[in-house]
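The values are calculated or read from the model by the stated rules, or taken from the named source; none is laboratory data. Computed from a predicted model, the values in this text were never measured in an experiment. Note that we place each Cβ from the backbone using ideal geometry, even for glycine, and neighbour counts take in every protein chain shown. For the accessible areas, the whole protein counts, side chains as well, though only heavy atoms, and no ligand, DNA or RNA atoms are used. Shrake-Rupley method; radii C 1.70, N 1.55, O 1.52, S 1.80 Å.
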Amino acid sequence: MSVIKGLLKKDLLNLASYKQSLLIIIAFLAIFSAFNKGMIQFLPIAVSTAMGMIVLSTFNYDEIAKADNFILSFPTNRKEVVKEKYILVVSSMILGGIIGVILTILVNYIMMNINPEFQVVIDYHSLLVTTLSGMFGITLVEAIQIPSIYKWGAEKGRVQMFILIFLIVAIITGAVFLFSHFNIGLDLDSLNTFLSNYGLIILIITTIFMLYISYKISCKIYCKKSD
Amino acid sequence: MEKMEHGKTTTIKSILNIINSDGGVKIFGKDIRKSEKEIKEEIGVVLDDSFLSEYLTAKNINSVMKDIYKNWNREKFFNYLKTFNLPDNKMIKDFSSGMKMKLKIATAMAHSPKILILDEPTSGLDPVVRNEILDIFRGYIEEDEKRAILISTHITSDLEHIADYIILIDNGSVVFYKETEEILENYGIVKTSKEEFEKFDRSDYISYKKGKYQYEILVENKERFRNKYRNSITDKPNIEDIMLFYLKGDK
């Protein structure tokens, strides 16, 4: 675990140069949502997405320094190296979500004091669902991108990721088209009831499952990799 | 020591279990695949083309490495930085090539490893810095005689100054594995005419080179050769000459 701590420290130190940019992005998002009442609940999604994407740049730092071989000379193994990246990504998303929620409440409170008309009655359940949905979205992207990076490298992996995301969107659009084309009706009311009852738990389980599968694929790719 | 692109780095990667090796590698009597972490705690590594991000400082390196190695010695690391005149709060990207290499060496030695594995530690450096770095390695060995350095280089003159043993690898096969002193003392190059050359037994020399006016042959034991062929004159070869005869000479 100590080696993982060292590797996390290495990545966080690399990311230190993003500190200012991240603060500016968060401040911009907070100000933007302060003047767009309807956007305020989306703040956690935006913040966790920004943080989730920034941590992926640690792969670029490693790639530019060709750090892989040096890191593998440490008292560690490939699985631990992969695990560290997932810990970093998941922690940054969770932290982003928490910062986003706190910021939402804070911005709402400040704006309410400045202009009482601004007040948004925050539904904490829906705020939680929105935050988790955002985290689910970014997890989906990262669950695809991280194995792609291990397979093709940080630069090429990004291109492959866009192709994969395009394919996913195409498949979903195709499925929707087929449903409507063949008049396959969906009982939206039942679906909504089902989602409001079990949506949160499904979201959490699916997010964890995606990360787990992605981690396993990354381990497999990285363990087989030899340059 | 090896011909370019013929497996020096592959050998090192196999030792470090970065790539799979068919035969398996044992270090300190233990299989690297079974006791990887334990073995790597005792190894310090300098790789020519791989290190941590250049956006880190030496201070950052210390902060990272103290969690990586159980035996990491902060004081030792900063002492090395002082000895090598390296700033601790400047980003590595602003270092010269020599400074970068010295930082890699300080990082590799600060946890007092039993073995230092060095891949091309002096390539691309000017002779003054190269000598400084070789001095560092000498000092490291002198501190504790149980320590060992495995150095992979194509700068053969470095080997004459530092190596106790030399392994010459060609196309993945070991051509020879000998003591440096034995090589430099015993090997000889004989320059001779075609007529004289034809009188030599094939088993008395390793290989030969046909020049415009004369033949040059590499012999494994110049004394023995001189005793057998009284009129022959032998020169003392350097490691590079020997390597070239082995790899490029006619058999």
Within a Gaussian network of chain A (alpha carbon springs, distance under 10 Å), most fluctuating of A:F42, A:F194, A:F32: A:F194
For region B:120-131, 3J(HN,Hα) per residue [Karplus equation, 6.51 cos²θ - 1.76 cosθ + 1.60, θ = phi - 60°, Hz, x = Gly/Pro]: 6, x, 10, 5, x, 9, 6, x, 5, 5, 4, 5
Net charge contributed by nearby residues that have their C-beta within less than 15 Å of B:S35 (K/R +1, D/E -1): +3
Inter-site label distance for B:I206 and A:Y198 at 7 Å from Cα along Cβ, in nm: 7.6
With DNA, RNA and ligands ignored, accessible area of B:V46 (1.4 Å probe; Å², nearest 10): 0
Rounded to the nearest 10 Å², the accessible area of B:R130 at probe 1.4 Å: 50
Gaussian network model of chain A, springs between alpha carbon atoms under 10 Å - residue of A:I25, A:I94, A:I110 with greatest fluctuation: A:I110
For chain B, built as a Gaussian network whose Cα springs stay under 10 Å, the top-fluctuating residue of B:Y55, B:Y187, B:Y205: B:Y55
Pairwise centroid distance, computed over Cα atoms, of region A:1-37 with region B:119-149, Å: 41
Region B:58-186 - share of DSSP beta bridges that are antiparallel (%, nearest 5): 55
5 angstrom amide H check on B:F176, placed H, neighbours 5+ away: B:L168
Inter-chain shielding of A:60-72 (mean C-beta neighbours from other protein chains, 10 Å cut-off): 6
Sites B:E179 and A:K225, calculated FRET efficiency, Cβ-Cβ separation with R0 45 Å, nearest 0.05: 0.75
Vicinal HN-Hα couplings computed from phi for region B:216-233 (Karplus, 6.51 cos²θ - 1.76 cosθ + 1.60; Hz; Gly/Pro x): 10, 10, 9, 10, 7, 9, 5, 4, 4, 5, 5, 5, 7, 10, 4, 7, 6, 10
Residue-count net charge about A:K9 - beta-carbon cut-off 13 Å; Lys, Arg +1, Asp, Glu -1: +1
Per-selection Kirkwood Rh - region A:2-224 (Cα, Å, 1 d.p.): 19.5
Summed residue charge, Cβ within 12 Å of B:E220's Cβ, Lys/Arg positive, Asp/Glu negative: -1
Accessible-area order (highest first, 1.4 angstrom probe) of the listed residues A:K85, A:K19: A:K19, A:K85
Considering only the protein assembly as shown, percent of DSSP beta bridges that pair antiparallel, nearest 5: 65
